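A short worksheet on the structure shown next.
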Amino acid sequence: MTSQGSRSSETDMGYGPGTIKEPGFRYRPMGRDAEGMELYEIFIGPQHPASGHMRIVVRLDGDIIVNADPDIGYVHRTMEKLSETREYLKSIPLFERATIIDSANITWPYVRAVEQMLGVEAPLRAKYLRTLLAEINRISSHLYGFGLTGIFINHSTMYMWSFGDREIWVQLAEELTGARLTHTYIIPGGVRRDLPQGFKEKALKAIRYMERRLEDYMKIFVYNPVTVARFREVGVLTKNDASRLGIVGPNLRASGVHYDARIAEKYGAYPELDFEIPVMEEGDSLARLLVRIEEIKQSMRIIKQVLDKMPQGPFFADKYMRLIPPALRKHVAETGRIKLPGAFIRLKPPAGEAVARGEMGHGEVFYHIVSTGDTKPYRVRIITPAFRNVVLFRHLTRGARFMDLPVIYGSIDYFPPEGDR
Amino acid sequence: MSIADRIRRNPLYSLKMHAAAIATGLRYLFAKPRMTVRYPEYVIDLGRNYRGMIRLHKDKCISCSLCAQVCPASAMKMYKLPGEKKMYPGINYQRCIFCGFCVDICPVNALEHTPVHDIAEEDMEGMIYLPLPGRFDREWKSPAEEEGGRKVKVEFDEEEGLKHEPE
Amino acid sequence: MDCPRSGWIFIGRLEESARKAADWLVNKTPLRSVRDWSIAFSLWPVHFTTSCCGAEFAAAANPRFDAERFGFLPFLSPRQCNLLMIEGTLTKKMAKAARIVYEQMPDPKFVIAMGACAIDGGIFYNSYNIVRPHEIFPVDVFIPGCPPRPEAVARAIVLLQRKIREARYLKREKKYESAGEVGTDE
Amino acid sequence: MPQNPPGAVRMGLLEDLKEKLGDIAAEIREEKPNYYSVRVEASSLVEAARRLVEMGFDHVASVEGVDWIKEKEMEVSWHAESYEPDLKSIIIKLYTRVPRDDPRVPTLIDVWPSAEFPERETWEMLGVVFEGHPDLRHLLLPSDYEGIPPLRKDYRIKVEGFIVDLTRQQKQ
């Protein structure tokens, strides 16, 4: 077997039309293993229905995967570097683009870290509103994952259903924030908009609809014997491995580890709410699906509680509200939409550092911000759940059948733009 | 024993679950209308809260340049045009990310969102909106609506999820 | 046409003249309009997601917006597709793949650049790892927004259909025809 | 399914850390509530990491570098966390500072397997060489990338101003 370093430089392609020399370059013999079996190397992606925006270099012995090497970076947009050239507020839309399907959850820990450094705390109502949007996002993120899992194993019904039902949650988020996916809703000091009129009724209708639909999902997809045959005991991740590899999110909880950053960090309105962290012991692909289904149910439970308990009061910190001229303050009260004070462009946290974690739909996101007392951060480190889970491609596929690769990919819910940042 | 194990071990139970999956699919095959919006004929009414294309009220603008400073994508810039004393913001939709910070930071509400977001262009140059009359300060209208599309309102429904009712 | 006398296209080598005859026939108005009509309603995009706008692209294909009404069906192999959607940021690494996908597609082929990142970099305008798609292949329709709404994707399809029906796609810019010289590295 | 266990937080962790790591650590601090930092010399990183694993911090959330260009130093840090019920809200930053011209630290992937990809990324983005890492090749950037590692502070990217003067352009 050639060394991996030389392999990648050999097969790298230029831009011009004459560069595709070998028509069969995606499928070529690699040599023989110890027993004389031929090994093959297959490049899956980045243009492949079951690869997403990444490439997986798979080495095959017959039908069995010897090694799968995730080749990521196809969506690397250099967020960490760009955030060093932008003010603190401007980095919120930037980081949001890592996971636009889950944008509230990925920016919330960043905002919490900045708030920690600035010494601001969001008012209680803002915390509830953040929780509300975060849970709506979590549901739509899980449904997105379901749809992709469905299409990976050619179950188009699941794709159509979950993407159709995801629209309901996207629509809810749109009514709350004014944008379908990139909400930029959570800002230091609070949120940008108050709860609109009649939101509760809409949300309750959506929850009742979704509860009924989840039963149908179970029948047509999750407990469909075809799915069970393909997902059960495929890609088993043991509890010990999950912990040592630092796996996060539903993938971790499907392996029997009871860990959720919402509980560990106690942020937002979560300490006041009653919900469960679904945990399963099997650790296989089916368990990962079931944990997600259960999380959707728990998220709906949280949304109900948040809407019931929603406290009255301001949705933006008093410290910044005072900087807004009185005429605009009246405007904010009337429209329920925030007016940012001009000083917001140059937020200046004191020198120091802060860390924050948050639970996204895909798992735990980690931020580390280093400030030198400037208006721009000196260094922002983001570790997204997808980046932490990317090791699973190597770990879970070894020894699996080639046909199981889409199943494993789908079940770990890897989202390449998030992994590459 | 979990349901998945039962499906694997008990062929009769597996058959039952197969039948349940097919029955569920069939039920929706004949179910009443879906949530589709037939787009160019029907346009979703995005409402005033939507963060769509941005328009400028030039008479209100005080040229404070806060909107250009807060823009994360450097899409909004202050343009000094020949023959004008003050600078006015202009927007570059090649870059605009519709975060709405410029609208939220404007101290005199000179910028506002319009509920139009279904824009596509054939050339790039047409996407830079300078603060000229009829450009950045124009009243936006959805192109589908201009071509005669009817507006529909989105409603949540327990049975169908989303309903789109023509106004 | 490199025939010495343009009126005599049926004379010469049989293959050559057959090709020219076919070209001549196909480009005559009645047949061309039938061809353009059929192209316009069979725009098949490649299953190739460059970045996060793919989420809205997928939403455009979902039951609510149902882009299949336009004959717009994401398909797996570039050899059978005629539309390349650049869904969001095109990084340097991905640009190579995009270029290869584009070359594998049969003519006539179209490109839609979706999202601000695919036009001028969007929020990543000063990133060191992005490529602007219009620098490496001719882009027919641009969709602003980050991400654009699924309706905007439908709008782009309608615009592209119109462009095809009016046969405006035949006049390609010369700079992209000699594709071998086009690179993305500065 | 188990209910959420009560949010028990380990008390007196600073003392525990000092007892366990006091002989090799240069500095142990509580930066923020539940956030501790342990500074060691590059040579004793592996030992410190081993002792942290014994305490229950069995994986890392992040490996990163900060380029302190003025001090001519590169800070390389590992943020360890744990899934143990009483340690789960705690993050420990194990870090060291090495010269910026030739940043070399031992790899910790034998102790923390989860550090593999982040260490590879840190090598790529900041040019920190993790000695003993088996797989230091490009991860996110194109495999033929050459030049200054992009996250170093001397790698500059352009920033645009926000004023466009069209009057002057026309005169020219």
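The values are calculated or read from the model by the stated rules, or taken from the named source; none is laboratory data. In this text, all values refer to a predicted model and were calculated from it rather than measured experimentally. Cβ atoms come from the backbone with ideal geometry, glycine included; neighbour counts cover every protein chain shown. Just so you know, the surface numbers come from the protein's heavy atoms only, side chains and all, with ligands and any DNA or RNA stripped out. Shrake-Rupley method; radii C 1.70, N 1.55, O 1.52, S 1.80 Å.
Quick notes on this structure:
- Among the conditions (1) within 14 Å of chain C (Cβ to nearest Cβ); (2) touching a Cys at 6+ places or on another chain (Cβ under 8 Å); (3) closer than 30 Å to B:Pro166 by Cα, B:Gly52 misses just one, which is (2).
- Residues of the range A:180-219 that turn out to be over 26 Å from A:Glu121 (Cα atoms) and assigned to a helix (DSSP H, G or I), as a count: 19
- Yes/no for D:Glu81 being among the acidic types (Asp, Glu), within 14 Å of the chain's Cα centre (by Cα) and within 13 Å of chain A (Cβ to nearest Cβ): yes
- Annotation note: Cβ proximity below 6 Å between a residue of the range D:49-66 that is farther than 22 Å from A:Asn389 by Cα and a residue that is open to solvent by 20 Å² or more (accessible area, probe 1.4 Å) (sequence gap 6+ or interchain) occurs for D:Arg51/D:Lys20.
- Meets criteria (surrounded by 19 or more Cβ atoms within 10 Å (Cβ to Cβ) and at pLDDT below 85) for B:Tyr39: yes
- Of all residues in the range A:271-290, those satisfying the criterion of being within 19 Å of the chain's Cα centre (by Cα), more than 10 Å from chain D (Cβ to nearest Cβ) and open to solvent by less than 10 Å² (accessible area, probe 1.4 Å) are A:Ser285, A:Ala287, A:Arg288, A:Leu289.
- Filtering the range A:324-346 to residues that are among the small types (Gly, Ala, Ser) and either touching an Asp or Glu at 6+ places or on another chain (Cβ under 6 Å) or more than 19 Å from B:Ala68 (Cβ to Cβ) (or both) leaves A:Ala327, A:Ala333, A:Gly336.
Per-residue answers, yes or no, for (1) assigned by TED's automatic domain parsing to the domain that holds A:Ile44; (2) under 30 Å from A:Gln312 (Cα atoms):
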| residue | (1), (2) |
| --- | --- |
| A:Asp63 | yes, no |
| A:Val66 | yes, no |
| A:Lys90 | no, yes |
| A:Thr131 | no, yes |
| A:Glu135 | no, yes |
| A:Ile153 | no, no |
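- Restricting the search to helices (runs of 4 or more DSSP H) fully inside the range A:294-391 and requiring at least 1 residues that are under 30 Å from A:Gly419 (Cβ atoms) and under 29 Å from the mean Cα position of the chain (by Cα) gives A:385-389.
- A:Thr177 being more than 22 Å from C:Ala60 (Cα to Cα), open to solvent by less than 20 Å² (accessible area, probe 1.4 Å) and among the hydroxyl-bearing types (Ser, Thr, Tyr): no
- Residues satisfying the stated conditions in the range C:10-51, i.e. without any contact (Cβ under 8 Å) to a residue 40 or more places away in the chain, closer than 27 Å to C:Pro74 by Cβ and of a type in the set (A, V, I, L, M): C:Val34
- Of residues in the range C:76-102 being hydrophobic (A, V, I, L, M, F, W, C) and within 9 Å of another protein chain (Cβ to nearest Cβ), the one farthest from C:Ile119 (Cα to Cα): C:Leu76
- Any hit, the range A:164-173, residues being without any contact (Cβ under 8 Å) to a residue 12 or more places away in the chain, over 28 Å from A:Lys339 (Cβ atoms) and open to solvent by less than 30 Å² (accessible area, probe 1.4 Å): yes
- Within the range A:183-236, tally of residues that are touching an Asp or Glu at 6+ places or on another chain (Cβ under 9 Å), charged (D, E, K, R) and at negative phi: 9
- Among residues of the range D:154-166 that are of a type in the set (Ser, Thr, Tyr), those with a Cβ under 6 angstrom from a residue that is surrounded by 10 or more Cβ atoms within 10 Å (Cβ to Cβ) and assigned to a loop (DSSP other than H, G, I, E, B), sequence gap 6+ or separate chain, pair up as D:Tyr155/D:Ile148.
- Matching option when the condition is open to solvent by 10 Å² or more (accessible area, probe 1.4 Å), farther than 27 Å from A:Phe152 by Cα and at the interface with chain D (Cβ under 10 Å from one of its Cβ atoms), among A:Lys304, A:Lys309, A:Lys266: A:Lys266
- Contacts under 7 angstrom Cβ, first residue in the range B:4-18 being within 7 Å of another protein chain (Cβ to nearest Cβ) and free of Cβ contacts under 8 Å to residues at least 24 places away in the same chain, partner crowded, with 16+ Cβ neighbours inside 10 Å and basic (Lys, Arg), 6 or more apart: B:Ala4/A:Arg232; B:Arg8/A:Arg232
- D:Met74 open to solvent by less than 50 Å² (accessible area, probe 1.4 Å) and touching a Phe, Trp or Tyr at 6+ places or on another chain (Cβ under 8 Å): yes
- Just one residue in the set B:Ile62, B:Ile97, B:Ile91 is at pLDDT 85 or above, more than 9 Å from every other protein chain (Cβ to nearest Cβ) and open to solvent by less than 10 Å² (accessible area, probe 1.4 Å); that residue is B:Ile91.
- Members of the range A:48-70 that are buried (at least 22 other Cβ atoms within 10 Å of the Cβ) and either of a type in the set (D, E, K, R) or within 14 Å of chain C (Cβ to nearest Cβ) (or both): A:Ser51, A:Gly52, A:His53, A:Met54, A:Arg55, A:Ile56, A:Pro70
- Filter result for B:Ala23 (exposed (fewer than 14 other Cβ atoms within 10 Å of the Cβ), modelled with pLDDT of 85 or more and at the interface with another protein chain (Cβ under 9 Å from one of its Cβ atoms)): yes
- If you filter the range D:10-37 down to residues that are part of a strand (DSSP E or B) and open to solvent by less than 40 Å² (accessible area, probe 1.4 Å), you find that the one that is modelled with the lowest pLDDT is D:Ala25.
- Within the range A:146-161, tally of residues that are more than 9 Å from chain C (Cβ to nearest Cβ) and open to solvent by less than 10 Å² (accessible area, probe 1.4 Å): 4
- A count restricted to the range A:243-286 and to residues that are over 24 Å from A:Leu129 (Cβ atoms) and either of a type in the set (D, E, K, R) or in a loop (DSSP other than H, G, I, E, B) (or both) stands at 19.
- Selection of strands (runs of 3 or more DSSP E) fully inside the range B:1-101 by the criterion of at least 2 residues being within 30 Å of D:Lys158 (Cα to Cα) returns B:54-56, B:76-80, B:88-92.
- Here the range B:108-138 is the region considered, the condition is being within 30 Å of A:Pro326 (Cβ to Cβ) and part of a loop (DSSP other than H, G, I, E, B), and the residue that is nearest to the other protein chains (Cβ to nearest Cβ) is B:Asn109.
- Between A:Leu132, A:Leu82, A:Leu89, A:Leu143, the distinction of being part of a loop (DSSP other than H, G, I, E, B) and open to solvent by less than 10 Å² (accessible area, probe 1.4 Å) belongs to A:Leu89 only.
- Restricted to strands (runs of 3 or more DSSP E) entirely inside the range D:47-134, those with at least 3 residues that are charged (D, E, K, R) are D:73-81.
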